[in-house]
Structures are given as structure tokens and as C-alpha cells.
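K.L.:
The structure that follows is given in the form of C-alpha cells.
The values are calculated or read from the model by the stated rules, or taken from the named source; none is laboratory data. Keep in mind the model is a prediction, meaning the values are calculated, not measured. Using ideal geometry, Cβ is built from the backbone for each residue, glycine included, and neighbour counts are taken over all protein chains shown. When the accessible area is computed, the model is the full protein with side chains, heavy atoms only, and any ligands, DNA or RNA have been set aside. Shrake-Rupley method; radii C 1.70, N 1.55, O 1.52, S 1.80 Å.
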2 protein chains.
Amino acid sequence: MNRIITIGREFGSGGRELGKRIAEHLKIAYYDREIITEISKKTKLAEEYVQQILENKPIISFPITIGHSLYPVFNPVLENSSSIYSEQSNTLIEMAQKSDCVIIGRCADYILQDYNPLRVFVYADMEQKIKRCVDKAPKDENLSIKELKQQMQELDKNRSKYYQFITGNKWGDKKNYDLCINTTNLNIKDVAEGIAKMFL
Amino acid sequence: MNRIITIGREFGSGGRELGKRIAEHLKIAYYDREIITEISKKTKLAEEYVQQILENKPIISFPITIGHSLYPVFNPVLENSSSIYSEQSNTLIEMAQKSDCVIIGRCADYILQDYNPLRVFVYADMEQKIKRCVDKAPKDENLSIKELKQQMQELDKNRSKYYQFITGNKWGDKKNYDLCINTTNLNIKDVAEGIAKMFL
């Protein structure tokens, strides 16, 4: 069976950098944005739309309650969401079957549980995450620290809701992961080397 | 400054084994029971008594409330507890100043915060912890699984209370650690190698 590393992460914690570095060390595949592209191709839905469904409040596309019963009424958003969730699972499983790989986000820790992935969660103190975002922001971005913080919290809230919706588990709860890594005081390069070493 | 690794751990999760293996890899000092012995020597109190104060319900030795005020009344247990807590801090600081080291438990992550330790917390699923305890139990131990589980839960409850009492923080809350390691599905030998690699 191929060996899979899944990385859940708080926005701005450096989870993506960690994943990339681990994949480089191990010379294995790395999937992040590629997953959206793949689902978009399969469902023939625009990448932006797929991303919105996968990252923003999937809860809005639930069946609508009428009286005391739940009726799965016809709802194009719901129909599309179901296809997208289903294609997400298929895509992740295809990736896991293809070769060893690192997968960022997408509830891959849960969806690929039969593949015994190494389930990593990356987090950091808010101050450190803001610093990281400011350092990496495009030059023309003019968000205040307050606006940035709000945006980050909103993004993580959506990730958390989405994770709970798909898995039924609490996002970031350490019992659902094998390793939780606080990047506030750690050097991501060293951590990547360490995880690669564990994995070899 | 010397480099310190502190390891907090749930009972039966293999935190001690992980600490020992890391210390062996890095060829650095390892402190666990040695801390109790040292405090016992300094306070001239029996090791068992020191251990009881440090591991069991320090809360009972709080000043007693009279009316609406708190009076630090004379209380030999309280006096001894204060000496023990104080000697614990001194001992940990001496150890941290002496050389690179791995320290098990004793709120060392908090007490040695000025030394920027790598703060590790080790945990596992109950089933796995029970399996580990059964495998390592002395042959003449005849606890039922139910009794063992109760004992483990009681021990962790005391650790949690003690940690909260000394640090004001929640024991096992991932924000207080740099790495949280779930040993349920991991090979402790591999993890030790990985952490040693991060630390080198």
C-alpha cells in the first residue's frame, strides 16, 4: 500500500510549506490546488465554484426542512455539492492509489482512513500566523491587521465547519491526528526533515 | 543555552520510552525518577512522600478558608508542599543549566519556559494505552482491565489537576506544546529518530 501524509492546517500556520518540504525530502507527489483542478475537470464545473463549495459553508446546500420532515428537494447547488463531494473522494482515492503522496486539506485524513495515512495537523499562535501572512502577502494587498485577522478567522471557521460536516469530527482535535505541530517556535525546514525521517 | 526537550504524557502512551529513545539518539541526559530523588535529598523528605505531593492532589494542601478570608494557617503538609514545589523548580533549572537534556513530566515545559524547551505531549487511544500497560505489567499484577482503566484515568486526572495547579494552563491542550504525538498508530522508535533529527 502506498504511504500517504495528510496535512490539515490553520490558515497562516505554514502547513502548506511543511507539506511541500516533506514531499521534496521524500521525493513523493504533493497535492493541494491540483485536487480542485481535477474535480473541476471531472464535474465540468468551474474551479472557483468547486473551491467555493469545498471551502465555504457547505451547510447552505443542505436539504430544506418543510414542516417536520426533511425533503431532499431539487436544488442545483445541492446537486452540484453532492457531485463535488463525491468526486473529491474519488480523486483523493485515485491519488492515494497512484503513489506515495502528501495531501493538503480536503478532509483527506478522514476520507483516506483505509489507507492508514500519517495524519498531521499544523497550527500556530495568532500573532505568528499574522506575521507569516503579512510577510507573504502580495505587495498590492492593503488589508489592515484587524481585517487580515478577521479574514483568517473566517477561513478557519469555514474549514472547521466543513471538516465537521464531512467527518463528524472536530477539526484540530488532537485525537483525530497522529502529529500536531505548533509552528510558532519551530523551524518548518527542521520539522519537515524530522517527519521525512519518521516516514522513511 | 542548552537545549531541552520536555515530555508531558498520558499514562500508558509510551512518553517515557519516547523520551529515553530521544535521549539515547542525541546522547544527552534523561531525567525522570531522578528528579524525585534529587528533591528528596534536598528537602530531606522521603522519596515516596515527595512523589505523593507531586503526583497526587496538591489541592488538599491549599490554605484553609476561614469565614470569607484566606488565612495561610500553619499546616505541615502545606509547608512541605511549598518546599517541594520550590525545590522542584530549582532542580529542573539546575538540570537545564547543566547540559542538553530530556525531562519527563513535572510541568517542566512551563517551569523551564525561559529555556525555550521543545515541548512535547504524548497521548494515545485508551485501548492502545491499556494494551501497552498489560504488555508491560509485572507478572504478579492481577488487575482486571476495568481496574487498570480506572487506575490509569485516576493517574491522568491527578496529572491534569497538578499541571493546572502549577501552570494555570490546561494539561494536554495542544496550544501549550510544540509537538503532540499520538502513539496509537505510530512506531515510537521511528518517532524518536524523527524528533532527534529535528533537534540536531
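K.L.:
Given the DSSP H assignment, sum -39500 (n - 2.57) over each helix run of at least 4 residues in chain A and divide by its residue total; what's the result at 222 nm in deg cm²/dmol, nearest 500?
P.N.:
Result for chain A, helices only: -16500 deg cm²/dmol.
K.L.:
Under a crude label model (7 Å from the Cα following the beta-carbon direction), how far is A:M1 from A:N116 in nanometres?
P.N.:
The modelled label-to-label distance comes out at 0.6 nm.
K.L.:
Go through B:I130, B:I5 and list them by solvent-accessible area, largest first, probe radius 1.4 Å.
P.N.:
B:I130, B:I5
K.L.:
Suppose we compare each residue of region A:142-174 in its chain alone and in the full protein complex with a 1.4 Å probe; which ones drop by at least 50 Å² of accessible area?
P.N.:
A:K174
K.L.:
Now for a different question. Any chance you could give the angle, 0 to 90 degrees and rounded to 10, that helix B:145-167 forms with the longest Cα principal axis of chain B?
P.N.:
Taking the Cα atoms of chain B, the angle to B:145-167 is about 60 degrees.
K.L.:
Give me the mean projected area, in nm² to one decimal, of the convex hull enclosing the Cα positions of region A:4-199.
P.N.:
Quarter of the Cα hull surface area: 12.9 nm².
K.L.:
List the accessible area buried at the contact between B and A, summed over both sides and calculated with a 1.4 Å probe, in Å² to the nearest 100.
P.N.:
What B and A bury together is about 1900 Å².
K.L.:
Here is a further query. What range in chain B is the longest one free of trypsin sites (Lys or Arg not before Pro) that are in a loop by DSSP and have at most 11 other Cβ atoms within 10 angstrom?
P.N.:
With trypsin sites (Lys or Arg not before Pro) excluded where exposed in loops, chain B gives B:45-138 as its longest stretch.
K.L.:
In whole percent, and with a 1.4 Å probe on the protein chains, what portion of the accessible area of the protein assembly as shown is carbon and sulfur?
P.N.:
Roughly 50 percent, rounded to a whole number.
K.L.:
Whole number in Å², please: accessible area per residue of region B:4-199, 1.4 Å probe, ligands, DNA and RNA not counted.
P.N.:
So region B:4-199 comes to 52 Å² accessible per residue, rounded to a whole number.
K.L.:
Give me Rg/Rg_expected for region A:91-171, where Rg uses Cα atoms only and Rg_expected = 2.2 N^0.38 Å with N residues.
P.N.:
1.35
K.L.:
Taking the simple approach of a point 7 Å from Cα along Cα-to-Cβ for both A:D190 and A:A29, what is their distance in nm?
P.N.:
That separation, rounded to one decimal, is 3.3 nm.
K.L.:
Compute the long axis of helix B:126-136 from its Cα atoms, compare it with the longest principal axis of the Cα atoms of chain B, and write down the angle in degrees, 0 to 90, nearest 10.
P.N.:
Orientation of helix B:126-136: about 80 degrees from the principal axis.
K.L.:
So, in nm, how far is label B:S86 from label A:Q150 when the simple model puts each one 7 Å beyond its Cα toward the Cβ?
P.N.:
Placing both labels 7 Å along Cα→Cβ, they lie 5.2 nm apart.
K.L.:
Net charge near A:R119: determine it from the other residues with C-beta under 10 Å of the C-beta of A:R119, scoring Lys and Arg +1 and Asp and Glu -1.
P.N.:
Taking every other residue near A:R119 into account, the sum is -2.
K.L.:
Specify the angular offset, from 0 to 90 degrees and rounded to the nearest 10, of the alpha carbon long axis of helix A:188-199 from the longest principal axis of the alpha carbons in chain A.
P.N.:
The answer is roughly 80 degrees.
K.L.:
Output wanted: per-residue J couplings in Hz (rounded whole) for region A:16-26, from phi through Karplus 6.51 cos²θ - 1.76 cosθ + 1.60, θ = phi - 60°, x for Gly and Pro.
P.N.:
5, 4, 4, x, 4, 5, 4, 4, 5, 4, 8
K.L.:
Follow-up. Please report Rg (one decimal) and Dmax (integer) in Å for the Cα set of the protein assembly as shown.
P.N.:
Gyration radius and largest Cα-Cα distance of the protein assembly as shown: 24.5, 78 Å.
K.L.:
Now, a different point. Which one, A:G105, A:Y123, A:L186, projects farthest toward the positive side of the charge dipole computed for chain A from Cβ point charges (K/R +1, D/E -1)?
P.N.:
A:L186
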